[in-house]
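The values are calculated or read from the model by the stated rules, or taken from the named source; none is laboratory data. Here the structure is a predicted model, which means the values were calculated and not measured. Please note: Cβ atoms are built from the backbone with ideal geometry, for glycine as well, and neighbour counts cover all protein chains shown. We work out accessible area using only protein heavy atoms, side chains counted, and drop any ligands, DNA or RNA first. Shrake-Rupley method; radii C 1.70, N 1.55, O 1.52, S 1.80 Å.
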Amino acid sequence: QVQLVESGGGLVQAGGSLRLSCAASGGTFSRYVMGWFRQAPAKEQEFVATITRSGQTTSYADSVKGRFTISRDNAKNTMFLQMNSLKPEDTAVYFCAALDSSWPSPESNDYPYWGQGTQVTVSS
């Protein structure tokens, strides 16, 4: 069973950048499709991005496309989310999630393994 720990959140001004990391342990990282999700106060959790096991295929929510980049380093059991041109509406707790499957999914209910989340706050 894989355990996930996010890091890299913080407070940044609008237009700035942050890089989130998700460190995995306790499982074979390369067998998992990985995803990033986020939840803003008083809002539903929403899909941000997914990446296939090899890292060759990625998918993004329309709201972050062109600004965020998901990647992974299977040798280091770590996934990343590079966030550029941040906006106040990107403020949320960001979660990484793992799915033991060949196919990525934008549905949070499909992911059984989750990290504890890291707060990202973007000031205007």
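Observations, loosely collected:
- All conditions but one from (1) open to solvent by 20 Å² or more (accessible area, probe 1.4 Å); (2) of a type outside the set (Asp, Glu); (3) in contact with a Lys or Arg (Cβ under 8 Å, 6 or more places away or on another chain) apply to LEU11; the one that does not is (3).
- When segment 47-86 is limited to residues that are of a type in the set (S, T, N, Q) and in a loop (DSSP other than H, G, I, E, B), the one that is most open to solvent (accessible area, probe 1.4 Å) turns out to be GLN56.
- Within segment 36-80, tally of residues that are in contact (Cβ under 8 Å) with a residue 60 or more places away in the chain and in contact with a Leu (Cβ under 8 Å, 6 or more places away or on another chain): 2
- Restricting attention to segment 24-46 and to residues that are within 20 Å of SER102 (Cα to Cα) and open to solvent by 20 Å² or more (accessible area, probe 1.4 Å), the residue that is modelled with the lowest pLDDT turns out to be GLY27.
- Meets criteria (outside any loop (DSSP other than H, G, I, E, B) and open to solvent by less than 60 Å² (accessible area, probe 1.4 Å)) for SER105: no
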